[in-house]
1. Take the residue pairs LYS3/LYS42; LYS32/LYS59; LYS2/LYS42; LYS45/LYS91; LYS19/LYS91 and return only those whose Cα atoms are more than 25 Å apart.
2. In nm, to one decimal, how far is the modelled label at ASP36 from the one at ASN118, with both set 7 Å along Cα→Cβ?
3. How large, in percent, is the carbon and sulfur part of the accessible surface of the chain at a probe radius of 1.4 Å?
4. Check VAL50: other-chain or 5+ apart residues with amide H under 5 Å from its amide H, H built from backbone geometry?
5. Using modelled backbone amide H atoms (1.01 Å from N, in-plane), which distant-in-sequence or interchain residues come within less than 5 Å of VAL28's amide H?
6. Percent of alpha carbon pairs in region 1-85 separated by more than 22 Å?
Amino acid sequence: MKKVLILEDEEVLGSIYKKKLEIEGFEVHWVKSLADVEKIIKKYKIDIVVLDYGLKEEKRCGLDILPFVRASLPESYVAMLSNYSESYLQKKALDEGADVYFVKMNTSPQILIHHLKNIDN
């Protein structure tokens, strides 16, 4: 069973991702803060990390924790989710170690989950 860590501060989206991934057989750890990402990574061997780019309650964003994620889980697959579609942000996320960048407005939970189900790691 693959372990997925999702950083998503939007309650509705986070619960949808969690529920749908669990139905597909993933073990899901859903967190809403960067500090909780660090706690989960230190506690579990995570296979897939999904980071929300923008976090309403924090001064930092999902991109800020990407170096820690990559250093701690070099073999894990990292997907960045964002409300921002600017190409320079997409490039920055990919340059800093994300494997894929999804714009939320263009990516339904079903598309994200389909993508994650087809990762070979």
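The values are calculated or read from the model by the stated rules, or taken from the named source; none is laboratory data. What you are looking at is a predicted structure, and each value in this text was computed from that prediction instead of being measured. As a convention, Cβ positions derive from the backbone with ideal geometry for all residues, glycine included, and neighbour counts pool all protein chains shown. Areas reflect the complete protein model, heavy atoms only, side chains present, ligands, DNA and RNA absent. Shrake-Rupley method; radii C 1.70, N 1.55, O 1.52, S 1.80 Å.
1. LYS45/LYS91; LYS19/LYS91, as the Cα separations exceed 25 Å there.
2. Taking the two extended label points, one gets 3.0 nm.
3. Details: 3390 of 6490 Å².
Result for the chain: 52 percent of the exposed heavy-atom area is carbon or sulfur.
4. LEU5, ILE6, LEU7, ALA79
5. VAL4
6. 17
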